[in-house]
Amino acid sequence: MTISRRDFLAQTALASVALTAKAHGVTKDDHGPAESKATVPASASRHTIICSANGFAYLERGYERLRSGADTLDAALAVVSGPEDDPNDDSVGLGGLPNEEGVVELDSSLMHGPSRRAGSVGALHDVRNASAVARAVMEHTGHVMLAGEGATRFALKMGFTKENLLTEHSRKIWMLWKEYNSERDWWGPGISNPGWKPPAEHEISENLPQSVQRLYALAANLGIDPGRRMDAIHKVLRPPTGTINCSVLNEKGEMSGVTTTSGLAWKLAGRLGDSPIIGAGCYCDQDVGAAGATGSGEENIRAAGAHTIVENMRHGMSPEEAGMEALKRIARNFNNDMARLKYVGMKYYILRKDGAYAGVSLWSRSANWPWEAHPESPAQFAVHDGTARKENCKYLYDGAATDWPPFPKYPAAAAGGIK
Ligand code: ASP
């Protein structure tokens, strides 16, 4: 087909009108190709980082990277490697709570907007920085995702350090979980074992539910520090999740996103949550924006949460609307049955390419330990667009998700002697 100079100029003028309309967020239903219906505003002019609240302490160093001209993925990794390297954070990387076999298995996925590439690892073991390994998969292989033994062997070949990720503290909590659930197996010392000790009477309050009393005695026998015993018990009774997601936008409008985790505590070996799944735990489209998730991984996989949100924004929703709609899909997957939904926790962190952002949560509050001090706190996320701060999430339901499996509640006064 040939095209005259006059036609070319006319088409160029039309295209430029369409682009201008797009830049102002205008939807034109009656003109132009389908693409011009997108209502994603133009790129932002300032650096912006959004992440789960546990990334707050590392926002500054991510932002510093952006200021010095680093790539958006470098900045995102600078944030998430903080909790990965922290042995006291038992939800990510080194020190993460292990699977039911006592092995710390890590999941991570990431997307680099400008090159439109992705990388992911699942059930990685013996290497602490799962996000950096996911990046190596993206940069050094023709694949997107490696899992299990293959992922670990790949990481070691790439020069990552092999180390035992199970810290002494996490190992003891795992032992506590194992022994507590061992009425039908042989974990835990039998009464003929010289090391067996009867529960220490003075450490048990009659007012506590039996399960907590039994766990408290077991924790004492395992040598768990008295100051950390109730926290360990909580983790045994309520297998914790905990993950970090981070999305980054720079002044040029380039974007990246990453999610990394040790996943659900006590999971079956080989279980993959949403975090390593591109489109569930993490998604980034350079034309639209990025989204990531923390919470009940199985539920988020069923809703393909991060991808759903980015697509919602592509079709004109604001970050908040896009996130709330994804939360409603999770509720819909349970036929809005609150008896089930009260056991689901889900938060999304959303950043559009014009810098608009939102944190949304299924529940308005998070339950805390110890309850006596702060029974519940608002569901939050962290953001840095010049100033680092935490903000409250928008939410679907008022309240906090209920512990699953249900954690026995007891009167605050009874906890006085047991901390
Ligand atoms: N979504 C993660 C998982 O299911 C856990 C979390 O976000 O806390 O493994």
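The values are calculated or read from the model by the stated rules, or taken from the named source; none is laboratory data. Note that the coordinates shown come from a computational prediction; the quantities given were computed from them, not determined experimentally. Please note: Cβ atoms are built from the backbone with ideal geometry, for glycine as well, and neighbour counts cover all protein chains shown. For the accessible areas, the whole protein counts, side chains as well, though only heavy atoms, and no ligand, DNA or RNA atoms are used. Shrake-Rupley method; radii C 1.70, N 1.55, O 1.52, S 1.80 Å.
Remarks
- Put simply, when 165-176, 283-294 are sorted by average Cβ atoms within 10 angstrom per residue, most first, you get 283-294, 165-176.
- For residue 328 and residue 340, the difference between the fully extended length at 0.36 nm per residue and the C-alpha to C-alpha distance is 2.9 nm.
- For segment 275-321, the solvent-accessible area of protein heavy atoms averages 30 Å² per residue (probe radius 1.4 Å; ligands and nucleic acids excluded).
- Filter on 235/347; 178/235; 162/235 - keep pairs with C-alpha separation over 23 Å: 162/235
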